[in-house]
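Chemist: Have a look at this one before I ask anything.
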Amino acid sequence: MISTVYILWLRQLKRYWRSKPRIIGSLGQPILFLVALGFGLGPVFQKAGAGNYLDFLAPGVMAQAILFMAIFSGVELVWDREFGFLKETLVAPVPRLHIVIGRTLGSATIATLQGILVFLLTLVVGFRPVQLQNLPLVVGVMFLISLLYTALGTAIASVLTDFHGFQLIMNFLVMPSFFLSGALFPLQNSPGLLQTISKINPLTYGVDALRHLLVGATNIGLTTDVLVLGGVSGLLLLLGSYLFSKIEI
């Protein structure tokens, strides 16, 4: 099992490294949020007595970058399935559970690396974390977020055969998940319905955990954040593994 998982994990990393334009292009949206919103709305945020908006925004932008990279890893699965490359993997004499674990861990590692790149980018534009000793924990939370949304992308991609259908479903899930996670604005004084939706949104707990570890601000609590992220990741990984095992070649 270990050798199969390692090979598939390494294969995903090689794919990522070879697509340098994809790496650079994926940084465009975080830069836009940090510059346009961070500096554009910063004075308004500060006048409202809410402090430095860039400090508030940076953890949310990191989570957004991880979310997009992780969940769209399912596109590769649909692509491989549509053009027949997945068949080569599925006919190998190894359990499909090992295949899905290797692919998921590889894609989650890639999304985590993306989160680290965006973290370095936030430092360039002026973000200064106040708790540097928490950086190893920050990477751990990034990996949990990556694992959760990679597993979700795998689960959805396992039941789809149409590339465009996957894109539509992902956009339907990704944008609400991002905007209703507290990444861009505080949720404390938002309408009750938004607060209720945010509580069932897993990304809310990821953003809260990153914000707690980097700037010391939390609305939920780190223990609850980690338990929710870990629990939902485990459930989605089981679901994704089951659905992947049902793929017909």
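The values are calculated or read from the model by the stated rules, or taken from the named source; none is laboratory data. None of these values were measured; they are calculated from a predicted model. Neighbour counts are summed over all protein chains in view; Cβ atoms, including those assigned to glycine, are modelled from backbone coordinates with ideal geometry.
Chemist: Condition check: part of a helix (DSSP H, G or I), of a type in the set (S, T, N, Q), modelled with pLDDT of 75 or more and under 19 Å from Gly182 (Cα atoms). Does Gln46 satisfy that?
Modeler: Numbers: part of a helix (DSSP H, G or I): yes; of a type in the set (S, T, N, Q): yes; modelled with pLDDT of 75 or more: no; under 19 Å from Gly182 (Cα atoms): yes.
No, not satisfied.
Chemist: Now for a separate question. In region 226-249, which residues are surrounded by 19 or more Cβ atoms within 10 Å (Cβ to Cβ) and modelled with pLDDT under 85?
Modeler: Matches in region 226-249: Gly240, Ser241, Phe244.
Chemist: Answer with yes or no whether Ile116 is surrounded by fewer than 22 Cβ atoms within 10 Å (Cβ to Cβ), among the β-branched types (Val, Ile, Thr), under 17 Å from Leu214 (Cα atoms) and within 16 Å of the chain's Cα centre (by Cα). Steps first, please.
Modeler: Values: surrounded by fewer than 22 Cβ atoms within 10 Å (Cβ to Cβ): yes; among the β-branched types (Val, Ile, Thr): yes; under 17 Å from Leu214 (Cα atoms): yes; within 16 Å of the chain's Cα centre (by Cα): yes.
For Ile116, the condition - surrounded by fewer than 22 Cβ atoms within 10 Å (Cβ to Cβ), among the β-branched types (Val, Ile, Thr), under 17 Å from Leu214 (Cα atoms) and within 16 Å of the chain's Cα centre (by Cα) - is met.
Chemist: Out of all the residues in region 125-162, which are over 15 Å from Ile101 (Cβ atoms) and of a type outside the set (A, V, I, L, M)?
Modeler: Residues satisfying the conditions are Gly126, Phe127, Arg128, Pro129, Gln131, Gln133, Asn134, Pro136, Gly140, Tyr149, Thr161, Asp162.
Chemist: Look at region 125-135 and say how many of its residues are farther than 14 Å from Leu57 by Cα and modelled with pLDDT under 90. Spell out how you get there, then give the answer.
Modeler: Taking region 125-135 and keeping what is farther than 14 Å from Leu57 by Cα, we get 130-135.
Filter again for modelled with pLDDT under 90, leaving 130-134.
Residues in region 125-135 being farther than 14 Å from Leu57 by Cα and modelled with pLDDT under 90: 5 in total.
Chemist: Can you name every residue in region 141-176 that is outside any helix (DSSP H, G or I) and either farther than 24 Å from Gly234 by Cβ or in contact with a Pro (Cβ under 9 Å, 6 or more places away or on another chain) (or both)?
Modeler: First, pick out the residues of region 141-176 that are outside any helix (DSSP H, G or I): 159-162.
Answer for region 141-176, where residues must be outside any helix (DSSP H, G or I) and either farther than 24 Å from Gly234 by Cβ or in contact with a Pro (Cβ under 9 Å, 6 or more places away or on another chain) (or both): Thr161, Asp162.
Chemist: Can I ask one more? So the check is Cβ under 6 Å with 6+ separation or different chains; which pairs have a first residue in region 181-200 that's surrounded by 16 or more Cβ atoms within 10 Å (Cβ to Cβ) and a second one that's at pLDDT 85 or above and of a type in the set (Val, Ile, Thr)?
Modeler: Qualifying pairs under 6 Å: Ser181/Thr204; Ser181/Val207; Gly182/Thr204; Gly182/Val207; Ala183/Val207; Ser198/Thr204.
Chemist: Between a first residue in region 62-79 that is more than 11 Å from Thr112 (Cα to Cα) and a second residue that is surrounded by fewer than 24 Cβ atoms within 10 Å (Cβ to Cβ) and among the acidic types (Asp, Glu), which pairs have beta carbons less than 9 Å apart while being 6 or more apart in sequence or on different chains?
Modeler: As it stands, the answer is Val78/Asp162, since those pairs meet every condition given.
Chemist: Just a yes or no: is a residue in region 185-204 under 30 Å from Leu132 (Cβ atoms), modelled with pLDDT under 90 and touching a His at 6+ places or on another chain (Cβ under 6 Å)?
Modeler: No, every residue in region 185-204 fails to be under 30 Å from Leu132 (Cβ atoms), modelled with pLDDT under 90 and touching a His at 6+ places or on another chain (Cβ under 6 Å).
Chemist: Among the residues that make up region 157-164, is at least one of them among the hydroxyl-bearing types (Ser, Thr, Tyr), surrounded by fewer than 23 Cβ atoms within 10 Å (Cβ to Cβ) and over 25 Å from Ile200 (Cα atoms)?
Modeler: Taking region 157-164 first, the residues among the hydroxyl-bearing types (Ser, Thr, Tyr) are 158, 161.
Then drop every residue that is not surrounded by fewer than 23 Cβ atoms within 10 Å (Cβ to Cβ), which leaves 158, 161.
Add one more test, that the residue is over 25 Å from Ile200 (Cα atoms), and what stays is 161.
Within region 157-164, one or more residues are among the hydroxyl-bearing types (Ser, Thr, Tyr), surrounded by fewer than 23 Cβ atoms within 10 Å (Cβ to Cβ) and over 25 Å from Ile200 (Cα atoms).
Chemist: So, one more: Does Phe127 satisfy being among the hydrophobic types (A, V, I, L, M, F, W, C), in contact with an Asp or Glu (Cβ under 9 Å, 6 or more places away or on another chain) and within 20 Å of Leu32 (Cβ to Cβ)?
Modeler: Working: among the hydrophobic types (A, V, I, L, M, F, W, C): yes; in contact with an Asp or Glu (Cβ under 9 Å, 6 or more places away or on another chain): yes; within 20 Å of Leu32 (Cβ to Cβ): yes.
Yes: the conditions hold for Phe127.
Chemist: Looking at Val130, Val138, Val100 in this structure, which one is in a helix (DSSP H, G or I), out of contact with any Ser or Thr (no Cβ under 8 Å at 6 or more places or on another chain) and either over 26 Å from Leu173 (Cα atoms) or of a type in the set (A, V, I, L, M) (or both)?
Modeler: Values: Val130 fails: in a helix (DSSP H, G or I); Val100 fails: out of contact with any Ser or Thr (no Cβ under 8 Å at 6 or more places or on another chain).
Residue meeting the stated conditions: Val138.
Chemist: Identify, from the list Asp208, Asp225, the residue that is outside any loop (DSSP other than H, G, I, E, B) and touching a Phe, Trp or Tyr at 6+ places or on another chain (Cβ under 6 Å).
Modeler: Details: Asp208 fails: touching a Phe, Trp or Tyr at 6+ places or on another chain (Cβ under 6 Å).
Of Asp208, Asp225, the one residue that is outside any loop (DSSP other than H, G, I, E, B) and touching a Phe, Trp or Tyr at 6+ places or on another chain (Cβ under 6 Å) is Asp225.
Chemist: Among the residues of region 219-239, is any farther than 17 Å from Leu152 by Cβ, more than 15 Å from the chain's Cα centre (by Cα) and touching a residue at least 60 places away in the same chain (Cβ under 8 Å)? Give the steps one after another, and end with the answer.
Modeler: Going through region 219-239, the residues farther than 17 Å from Leu152 by Cβ turn out to be 219-227.
Restricting the remaining residues to those that are more than 15 Å from the chain's Cα centre (by Cα) gives 219-224, 227.
Next cut, touching a residue at least 60 places away in the same chain (Cβ under 8 Å) only: none.
No, because not a single residue in region 219-239 is farther than 17 Å from Leu152 by Cβ, more than 15 Å from the chain's Cα centre (by Cα) and touching a residue at least 60 places away in the same chain (Cβ under 8 Å).
Chemist: Within region 150-165, take every residue that is of a type outside the set (S, T, N, Q) and touching a Phe, Trp or Tyr at 6+ places or on another chain (Cβ under 9 Å) and give me the one that is farthest from Ser73 (Cα to Cα).
Modeler: Residues of region 150-165 of a type outside the set (S, T, N, Q): 151-153, 155-157, 159-160, 162-165.
Applying the additional criterion that residues be touching a Phe, Trp or Tyr at 6+ places or on another chain (Cβ under 9 Å) yields 153, 155-157, 160, 163.
On the way: Gly153: 6, Ala155: 11, Ile156: 11, Ala157: 9, Leu160: 14, Phe163: 12 Å.
It comes out as Leu160.
Chemist: Going residue by residue through region 210-225, is there one that turns out to be buried (at least 21 other Cβ atoms within 10 Å of the Cβ) and of a type in the set (Asp, Glu)?
Modeler: Yes, some residue in region 210-225 is buried (at least 21 other Cβ atoms within 10 Å of the Cβ) and of a type in the set (Asp, Glu).
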